[in-house]
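Since the structure comes first, as structure tokens, the remarks are kept for the end.
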Amino acid sequence: MALGPKAPERRRRLIVDAALDVLRERGFAGARMADIAARAGTSPALVAYHFGTLSAVLAEAVTVAEDKFYADFDHLLSGTSTALGKLWSCIDLAASGGPAIGDWVLWMEVWAQALRDPQVRTTREQLDRRWRRTLRGVIEQGLTEGSFSCPDPEHASFRLAALMDGLAVQLALRDPDLTTERMIALWREAAILELSISPESVSELG
């Protein structure tokens, strides 16, 4: 459907949504301004008017996808108040294959393009830091509750985020030795060791 004379913000969002579809289908290397414009029902010139460059529209598309992830994440956390429950929700959602963090094929595209494109590199850094801050916030809540113990929450959040990335790459590549369930179990085992979580706390959560 053509964009027509819609409000500028509505046009931008339609272009971003189209860019995300193209990015998932073709990757950064295969994405073109003309493809995004055709998917959005507009012209390449209008895409360039709103975003300037192809990297800019793709970077914003990835950011929008992550915002959707955090909306889902906040909704998921509304049903739990404990730090351990929130920590388990982090890996459950991340391994689910949903938007942004859980959309690991998309993330692999971002990582590869960040090696070459300064704008995508900056976006990648911002998104990774946002996720590590989220994990750190959950860890600090657990320290306050007394359910977690670790000398450095920042280092712990970095290690757990890095482990999640590594497992997710294998999952996205459909490694036959790694299922979604095993990814969750391995990450939880690492978190238990990293944060000195007691077996009793794990058992109580179920």
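The values are calculated or read from the model by the stated rules, or taken from the named source; none is laboratory data. Quick caveat, the model's predicted, so the values are computed rather than measured. Quick reminder, even Gly has a Cβ in these numbers, built from the backbone with ideal geometry, and neighbours come from all protein chains shown. Please note that ligands, DNA and RNA were not included when accessible areas were found on the heavy atoms of the full protein model with its side chains. Shrake-Rupley method; radii C 1.70, N 1.55, O 1.52, S 1.80 Å.
Quick rundown of the values:
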{"quantity": "Given (1) open to solvent by less than 60 Å² (accessible area, probe 1.4 Å); (2) among the hydroxyl-bearing types (Ser, Thr, Tyr); (3) in a helix (DSSP H, G or I), number of the condition Ser147 does not satisfy", "calculated": "(3)"}
{"quantity": "Inter-residue pairs, beta-carbon under 7 Å, first closer than 21 Å to Ser198 by Cβ and in segment 150-168, second exposed (fewer than 15 other Cβ atoms within 10 Å of the Cβ), 6+ apart", "calculated": "Cys150/Ser196"}
{"quantity": "Residue in segment 107-120 that is under 28 Å from Ala34 (Cα atoms), surrounded by fewer than 16 Cβ atoms within 10 Å (Cβ to Cβ) and basic (Lys, Arg) present", "calculated": "yes"}
{"quantity": "Criterion: closer than 21 Å to Lys68 by Cβ and either out of contact with any Pro (no Cβ under 7 Å at 6 or more places or on another chain) or aliphatic (A, V, I, L, M) (or both) - qualifying residue of Leu160, Leu127", "calculated": "Leu127"}
{"quantity": "Filtered residues of segment 187-202 (kept if open to solvent by less than 60 Å² (accessible area, probe 1.4 Å), modelled with pLDDT of 95 or more and not charged (D, E, K, R))", "calculated": "Trp187, Ala190, Ala191, Ile192, Leu195, Ile197"}
{"quantity": "From Thr63, Thr42, residue being polar (S, T, N, Q) and surrounded by fewer than 21 Cβ atoms within 10 Å (Cβ to Cβ)", "calculated": "Thr63"}
{"quantity": "Filtered residues of segment 59-88 (kept if modelled with pLDDT under 90 and either of a type in the set (Gly, Ala, Ser) or within 16 Å of Pro8 (Cα to Cα) (or both))", "calculated": "Ala59, Glu60, Ala61, Ala65, Ala71, Ser78, Gly79, Ser81"}
{"quantity": "Arg136 being among the charged types (D, E, K, R), assigned to a helix (DSSP H, G or I), free of Cβ contacts under 8 Å to residues at least 60 places away in the same chain and surrounded by 16 or more Cβ atoms within 10 Å (Cβ to Cβ)", "calculated": "yes"}
{"quantity": "Tally, over segment 18-58, of residues that are at pLDDT 90 or above, within 19 Å of Gln119 (Cα to Cα) and of a type in the set (D, E, K, R)", "calculated": "1"}
{"quantity": "Ala71 being in a helix (DSSP H, G or I), exposed (fewer than 13 other Cβ atoms within 10 Å of the Cβ) and either in contact (Cβ under 8 Å) with a residue 40 or more places away in the chain or within 22 Å of the chain's Cα centre (by Cα) (or both)", "calculated": "yes"}
{"quantity": "Complete set of residues in segment 24-39 that are in a helix (DSSP H, G or I) and either of a type outside the set (Gly, Ala, Ser) or open to solvent by 20 Å² or more (accessible area, probe 1.4 Å) (or both)", "calculated": "Arg24, Glu25, Arg26, Phe28, Ala29, Gly30, Met33, Ala34, Asp35, Ile36, Ala38, Arg39"}
{"quantity": "Flag if Ser96 is assigned to a loop (DSSP other than H, G, I, E, B), open to solvent by 40 Å² or more (accessible area, probe 1.4 Å) and modelled with pLDDT under 95", "calculated": "yes"}
